[in-house]
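Each reported figure results from applying straightforward, stated rules to the coordinates on display, with no laboratory input. The structure displayed is predicted, hence computed values, not measured ones. No Cβ is skipped: glycine too gets one built from the backbone with ideal geometry, and neighbour counts run over all protein chains shown.
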Amino acid sequence: MKKLTRTVSLLFILCCTSCAKDTIEFNPGIQYGSFTDTRNNEVYKTVQIGDQTWMAENLRSISTDPHEVNCCNYGKLYMHGAAEEACPEGWHMPDSSEWQILINYLGGNNIAGGKLKETGTTHWDAPNKGATNSSGFTALGAGFADYDLGLQKRMKQAEFWTSSEYPPGYNVSSYYFVSLSNSSTSATWLISDDDFELMERKSVRCIKN
């Protein structure tokens, strides 16, 4: 069993290190910054949006979760527990209020998704509705990995964990996440409403402290 686990883990590591990278279409009209994560020497573009500084790429950090998938362009996908500790020093996984500040700055939930999404159909299926990437955030349709390791909604959806728990009295294991779709301009709030959904792996975008 241990041998099988090592083999599976190695396959996922190879997914991150040996696959060919496509060209991500960043907004050419925006001046991006740069940050190097010294834990694994990954270099990220960063972007100032309003008063916030965000990574303009999905996180690809080393995590304690051995079942890492979808790494090259789309970043790694994390269970919520791993996501909470994944951002490098000086950065953190945003809470729901920090996400909402971003969404409000971009005009509200109904239109912010289009301003967050990468343009074109390299990392999003058509129609990639309303995608302008005017914010420079460059969200990709990474999809998510189900608890049984099944990759879902690749190029159709992006899901980003937050650190915010759903209000007490509903389910102490529930957390908010933000969802973007290839068929919508919206940035939609959803919650992980059971333990199985917390085992799903979603993208992480770090925000600067």
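Observations
- Contour minus Cα-Cα distance for K156 and S34 (0.36 nm per residue): 41.1 nm
- Rounded to the nearest 20, the size of the Cβ-charge dipole of segment 81-209 about its Cα centre is 760 debye, with Lys and Arg at +1 and Asp and Glu at -1.
- The string of couplings for segment 134-142 from the Karplus curve (6.51, -1.76, 1.60, θ = phi - 60°) is 5, 6, x, 5, 6, 5, 10, x, 6 Hz, one whole number per residue in order, with x for Gly and Pro.
- Segment 130-150 residues near the modelled L190 label - backbone nitrogen below 14 Å, point 7 Å along Cα→Cβ: 141-147
- Calculated from backbone phi, Karplus (6.51, -1.76, 1.60) coupling profile of segment 199-204 in Hz, x at Gly/Pro: 7, 5, 10, 10, 6, 10
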